[in-house]
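Trainee: Sharing a structure below in structure tokens format, with a few things to ask.
The values are calculated or read from the model by the stated rules, or taken from the named source; none is laboratory data. Just so we're clear, the structure is a prediction, and the values are computed from it rather than from any experiment. With ideal geometry, Cβ positions are generated from the backbone for all residues, glycine too; neighbour counts draw on all protein chains shown. These accessible areas exclude ligands, DNA and RNA; they are computed on the full protein's heavy atoms, side chains included. Shrake-Rupley method; radii C 1.70, N 1.55, O 1.52, S 1.80 Å.
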Amino acid sequence: MSEDAVLIPDDRAFSSFKNECNSEEGWNLTYNKSGITVWIHILEEEKSLHKIKCRMVCKDVSADTMYDVLHDIEYRRKWDANVIETFDIGKLTVNADVGYYSWKCPKPLKNRDVITLRSWLPMGSDYIIMNYSVKHPKYPPKKDMVRAVSIQTGYLIQSNGPTSCTLTYLAQVDPRGSLPKWVVNKSSQFLAPKAMKKINKACLKYREWKQRHNPGFKPWLYPEQNSLSSIPLSELSIQHADSLENIDESGLSEAKEERGEGSDEEGPN
């Protein structure tokens, strides 16, 4: 099997992701307030390579609603002020597709984008959504964006009962660039908690919004509703970080208007 061969995650991959979401080994606690906890796992400090894990207990949101909100691309365009552009490219199986996502980075950093293979799996009363970066010949890197690499990013949604759930977000992203330390610090201390709060707020408003926007359309639950064109796996290859341009932004200072504000996302969704 070629190292560039793209594989659709199997049950073992989902189980491995769930285990990492629940593991504490190697993780350093950086934030713990108001039901939101954030950990960082530094991999290569000089390259700002790290993993981030966020966990939030949602007392008024069911696991089903959280799963819908994280899937619903039309709704994301409404609540995610951080998104520049997002769209589906094509489907692979009933629970895997390929999509594009670009997001705003804190000024003065360049904005990032990714092409990812996304897969999802209900596991009893829990759900997993996860992705990793792939290359698609029709969507090469753009001149005005830095193509980031999602090594593995995803969500674990665990039901705590009919109206409560726990959301864990786990991301290992290579932003393609030597980032200044303030970016990593801001991600864990401010951006990640703010992003989790926005997801929770979006969930509380989803039912009302969905009733007015194609309420029966949920192709992540009903695959027969999915009208995306099928993509053969042979069209895709793994996106290796070392094949992309590396941007040195390590000397950049945070823009004044970004202090206390900034983009909400740690990386691709």
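Trainee: Pairs only if they're at least six apart or on different chains, beta carbon under 9 angstrom, first in the stretch 18-42 and among the charged types (D, E, K, R), second open to solvent by 50 Å² or more (accessible area, probe 1.4 Å) and in a strand (DSSP E or B); list them, first residue then second.
Mentor: Here the result reads K18/M123; E20/Q152, each pair linking the stretch 18-42 to a residue that is open to solvent by 50 Å² or more (accessible area, probe 1.4 Å) and in a strand (DSSP E or B).
Trainee: Among the candidates R77, R55, which residue alone is open to solvent by 20 Å² or more (accessible area, probe 1.4 Å), among the basic types (K, R) and modelled with pLDDT of 95 or more?
Mentor: After ruling out the rest, the residue left standing is R55.
Residues are listed down the side, and each one gets a yes or a no for (1) open to solvent by less than 40 Å² (accessible area, probe 1.4 Å); (2) free of Cβ contacts under 8 Å to residues at least 60 places away in the same chain; (3) assigned to a loop (DSSP other than H, G, I, E, B); (4) closer than 26 Å to K218 by Cβ:
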{"residue": "I84", "(1), (2), (3), (4)": "no, yes, no, yes"}
{"residue": "F87", "(1), (2), (3), (4)": "no, yes, no, yes"}
{"residue": "W120", "(1), (2), (3), (4)": "yes, no, no, yes"}
{"residue": "N131", "(1), (2), (3), (4)": "yes, no, no, yes"}
{"residue": "P137", "(1), (2), (3), (4)": "no, no, yes, no"}
{"residue": "P141", "(1), (2), (3), (4)": "no, no, yes, no"}
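Trainee: Right, here's the next one. Checking the structure you have, find out if any residue of the stretch 13-26 is touching a His at 6+ places or on another chain (Cβ under 8 Å), over 23 Å from Y222 (Cα atoms) and either at pLDDT below 95 or in a helix (DSSP H, G or I) (or both).
Mentor: Let us first name the residues in the stretch 13-26 that are touching a His at 6+ places or on another chain (Cβ under 8 Å), namely 26.
Checking which are over 23 Å from Y222 (Cα atoms) leaves us with 26.
With the extra rule that they be either at pLDDT below 95 or in a helix (DSSP H, G or I) (or both), the set shrinks to 26.
Yes, the stretch 13-26 has at least one match.
Trainee: Then there is this: May I ask you to list the residues in the stretch 156-194 that are within 16 Å of Y101 (Cα to Cα) and at pLDDT 90 or above?
Mentor: A171
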